[in-house]
1. With an 8 Å Cα cut-off and a minimum separation of 6 or more residues, compute the relative contact order for the stretch 103-182 in percent.
2. Rank these for me by crowding, Ile180, Ile126, going from fewest to most other beta carbons within 10 Å.
3. Applying a 10 Å radius around every beta-carbon, put 294-305, 256-267 in order of their mean neighbour count, most first.
4. Starting from 0.36 nm per residue, how many nanometres of slack lie between Glu118 and Gln148 once their C-alpha separation is accounted for?
5. Which lysines, on any chain, are close to Lys147 with Cα under 23 Å apart, when same-chain ones fewer than 8 places away are left out?
6. Most exposed first by the Cβ proxy, i.e. fewest other Cβ within 10 Å, how do Lys192, Lys208 rank?
7. What is the order of Phe309, Phe157, fewest Cβ neighbours within 10 Å to most?
Amino acid sequence: MFCINCGANFEGKSANYCSNCGKRLEEQLNPSSYRKKKMILYLTPIISLLLVSAGLILTNFYESNVNATVLSLQEKAETAALAGEYNKALSYINSGLSYRDQYDVLAKEKEIIESIIELNKDLNDIERKILEKRFGDAQQEINVIKKQVDTTRSPLFVKLSYEIEQVETSVMVGAMKEEINQLLTIDDLAEKLSTLYTMDIQEATEVKQQIYMKMVSISSTEAEKNLENKHFNQALHSVDEALQYVVNNEKLLSLKERIIEEKTAFELAEEERFNKALQAAKKEEQLNLTKAIELMDVIVNVDKYGDAFINGSVKNNGTETVHSIVIEFKVLDENNKKLEEGKTNVFPNKLKPGETGDFEHVSYSTKEKANVEITNISWLLEDKEG
């Protein structure tokens, strides 16, 4: 056989290269096989490169998805924490750490949220102390919590910081309300009222309302005592003193109207009015005298400071207009021990047949539970005492 490159003669198929020119003989003897081997030789590195590239792309895609998942969980955790949903936030963080347990930022946020959860428990303890009127102890614990919060500037503490401010305000207001409960005169309450105008607290309005209600309570109680002794002028003075501060208070105005009416009726001749009442023999008149006023309901709500707010209503089931309706009551604790006994008037002062009226009273420092017993209801009917 001859080499197609140089024409030199060679024998057999054992030689791989031409002895004369050095040309590879396999390409001449089996060109098809040679081309395949040559193609494989070129393709092998290309295929290897493609496989490696695909592996890197898939790995990068997987890692990117994991990173996106972790960042999404972190964002959800932060959103939940800012909304005060700390247990939900902690759940999101633990899920994120299951993907990236070495993610330091997420691990740090976990520590912060766990700390916030513990501090929230402390705030709950403080609120119990407020209910127990242990305001000094509550303020001390708040100061400790504030120092802990001040050591970090993480935005995750925003909600907790707001809650701390709210609880601290509750301590301040609670202490003031307790002090107000100890004041027994309109003048003392007026002096305390003047200090509130210099204080910039959200609950100042609530404290003012308590002062106003205490003024109404003191005024009403004093007026009732004077009425009981037929000291009408003193009763009017007690009401007018409170009306200087609680202008247009419906309860006091109704009480004042009642005092004037009773004073007029007394001056016109109480005995004559009594005799007229005795002469009422008809069933309808008896109904108006003895059963005209029906107690509809009495509701007692005790706020977080232990003060009982009593509200009730009555209805005129009679056939004539009644006025000067007086509710006598007792405030009892859960063991039926008497805490307070008093009277309060119904407003509006006059009730036409079928109309309803309301009454209210505040009993201070009754603690968590209180009951009200209505002991008597009295009223006046066309110069007849019911």
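Coordinate-derived values only; no laboratory data. Bear in mind the structure is a predicted one, so any value in this text is a computation, not a measurement. As a convention, Cβ positions derive from the backbone with ideal geometry for all residues, glycine included, and neighbour counts pool all protein chains shown.
1. Relative contact order for the stretch 103-182 comes out at 37 percent.
2. Starting with the residue having the fewest Cβ neighbours, the order is Ile180, Ile126.
3. 256-267, 294-305
4. 9.7 nm
5. Lys147 reaches Lys108, Lys110, Lys121, Lys129, Lys159.
6. Lys208, Lys192
7. Ordered from fewest to most neighbouring Cβ atoms within 10 Å, Phe309, Phe157 come out as Phe309, Phe157.
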